């Protein structure tokens, strides 16, 4: 192996040369019979979205938010719905926020005030809280309410993998229904003589890729499928609306691996890495802080609303205030010594705290070390905050060279659950909630502290 002009060369098992990015994703290959940069030629050539510029959004009269994903995107078991009054001027298709093209009673060209309602097992989606929270923040910052009219839609489907939510032929048609929702939204706006554009997507998915044997659990493949969905949507949407800017994607970080008795969090890591790599992907919050119903998987109605509130802050800072892309509480560097590990974090507001404000206390506040893939429970002697942005993990002995530090992964002996009470979780947060509090439609007040993302750091490969 060698290091030449910033490139590191190392032997691989495959013949040829592979190019990888900073997250070790393969982005190109030169070998006998093949040469590509980007997607392999066998997957087709994608047209660049040259005309859709990021962070160049133009305010139209109606601004669409498309909530996509599986059950959490649809508010499964988050009943009863609680956002039943529209306090601003936000709208949805008249047949409902969860109504999709082709569904019975769907109205393709008429808006109604954005409210949530129960539909079978589905209740409160995160969409209303996102749209309403965004407008509330804009008005509090001096903007006119009439200038911020959002259109909410939740077009996903419960129990579906990233493959099933993809475009045809891989998917089951929900991607195409989402695109038709945009056509219908434009038609409804045009009928009113108003302008219309798509400002943002949201993504609540990952649980099904932990459960099914036919769906990928590969972090690399998941990331490729996930971004193929939204890059494809943007290409089609730009052609439909004529907008010159690309929507941002606001995601959560799935936290359900222990629910399915898995000792890995590959999908959660893929979502975090995408938020670090892609300027258009924003991770608003990890899912482990949101309370669940009895199945210890789906969110309560108030938790679903709260997820939307966290996203509204991320969207407001990114797209309205234009303060730069929102970043969650996440690690930025690790200094691993024989006696201690010092981790420096990006802290959105305030300072780091280790406590049970967002999740029940867990061993080592959620930090663990594995040697050769095996959990070592007595290696961490203490965890403490040593500066506003730094955590120190003191060690009982020097760790092996192949060690991996994890946060929020949980242990094989932990309950088969997700959520802040018994699921895989951590106890590291900032103090943003001292300065940003919200009240739910049920009258409860929440301090919007930022919880640390789930992550892993390998001594050999890094994050």
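Given the structure, is residue 348 part of a loop (DSSP other than H, G, I, E, B), touching a residue at least 40 places away in the same chain (Cβ under 8 Å) and in contact with a helix residue (DSSP H, G or I) (Cβ under 7 Å, 6 or more places away or on another chain)? Against the criterion (part of a loop (DSSP other than H, G, I, E, B), touching a residue at least 40 places away in the same chain (Cβ under 8 Å) and in contact with a helix residue (DSSP H, G or I) (Cβ under 7 Å, 6 or more places away or on another chain)), residue 348 qualifies. Considering only residues in segment 78-93 that are touching a helix residue (DSSP H, G or I) at 6+ places or on another chain (Cβ under 8 Å) and surrounded by fewer than 24 Cβ atoms within 10 Å (Cβ to Cβ), the one that is nearest to residue 194 (Cα to Cα) turns out to be 89. Filtered by the rule that a residue be more than 30 Å from residue 212 (Cβ to Cβ) and surrounded by 22 or more Cβ atoms within 10 Å (Cβ to Cβ), segment 108-127 gives a lone residue, 114. In this structure, is residue 256 surrounded by 24 or more Cβ atoms within 10 Å (Cβ to Cβ), in contact with a helix residue (DSSP H, G or I) (Cβ under 8 Å, 6 or more places away or on another chain), in a loop (DSSP other than H, G, I, E, B) and at pLDDT 95 or above? Spelling it out, residue 256 is indeed surrounded by 24 or more Cβ atoms within 10 Å (Cβ to Cβ), in contact with a helix residue (DSSP H, G or I) (Cβ under 8 Å, 6 or more places away or on another chain), in a loop (DSSP other than H, G, I, E, B) and at pLDDT 95 or above. Would you confirm, using the coordinates I've provided, whether residue 159 is closer than 23 Å to residue 205 by Cα, in the same structural domain as residue 195 (by TED's automatic domain parsing), under 26 Å from the mean Cα position of the chain (by Cα) and loosely packed, with under 15 Cβ neighbours inside 10 Å? Yes, satisfied. Is it fair to say residue 294 is without any contact (Cβ under 8 Å) to a residue 40 or more places away in the chain, out of contact with any strand residue (DSSP E or B) (no Cβ under 6 Å at 6 or more places or on another chain) and in the same structural domain as residue 233 (by TED's automatic domain parsing)? Spelling it out, residue 294 is indeed without any contact (Cβ under 8 Å) to a residue 40 or more places away in the chain, out of contact with any strand residue (DSSP E or B) (no Cβ under 6 Å at 6 or more places or on another chain) and in the same structural domain as residue 233 (by TED's automatic domain parsing).
Please tell me if residue 173 is over 18 Å from residue 64 (Cβ atoms) and at pLDDT 95 or above. Considered against the rule, which asks whether it is over 18 Å from residue 64 (Cβ atoms) and at pLDDT 95 or above, residue 173 comes out as yes.
Does segment 125-164 hold any residues that are in a loop (DSSP other than H, G, I, E, B) and touching a helix residue (DSSP H, G or I) at 6+ places or on another chain (Cβ under 7 Å), and which are they? Within segment 125-164, 125, 126, 148, 155, 156, 157, 158, 159, 160, 161, 162, 163 meet the criteria. In the set (1) over 16 Å from the mean Cα position of the chain (by Cα); (2) more than 23 Å from residue 57 (Cβ to Cβ); (3) assigned to a helix (DSSP H, G or I), the condition left unmet by residue 185 is number (2). Listed by first and then second residue, the pairs with beta-carbon distance under 7 Å, at least 6 apart or on different chains, first residue in segment 84-103 and touching a residue at least 60 places away in the same chain (Cβ under 8 Å), second part of a loop (DSSP other than H, G, I, E, B) and surrounded by fewer than 20 Cβ atoms within 10 Å (Cβ to Cβ), are 84/115; 85/115; 93/107; 100/106; 101/108. With respect to (1) crowded, with 19+ Cβ neighbours inside 10 Å; (2) within 15 Å of residue 358 (Cα to Cα); (3) in contact with a helix residue (DSSP H, G or I) (Cβ under 6 Å, 6 or more places away or on another chain), the lone exception for residue 429 is condition (3). Of the listed requirements (1) farther than 30 Å from residue 321 by Cα; (2) at pLDDT 95 or above; (3) out of contact with any helix residue (DSSP H, G or I) (no Cβ under 8 Å at 6 or more places or on another chain), residue 96 misses just one: (1).
The values are calculated or read from the model by the stated rules, or taken from the named source; none is laboratory data. None of the values given here were measured: they were computed from a predicted structure. With ideal geometry, Cβ positions are generated from the backbone for all residues, glycine too; neighbour counts draw on all protein chains shown.
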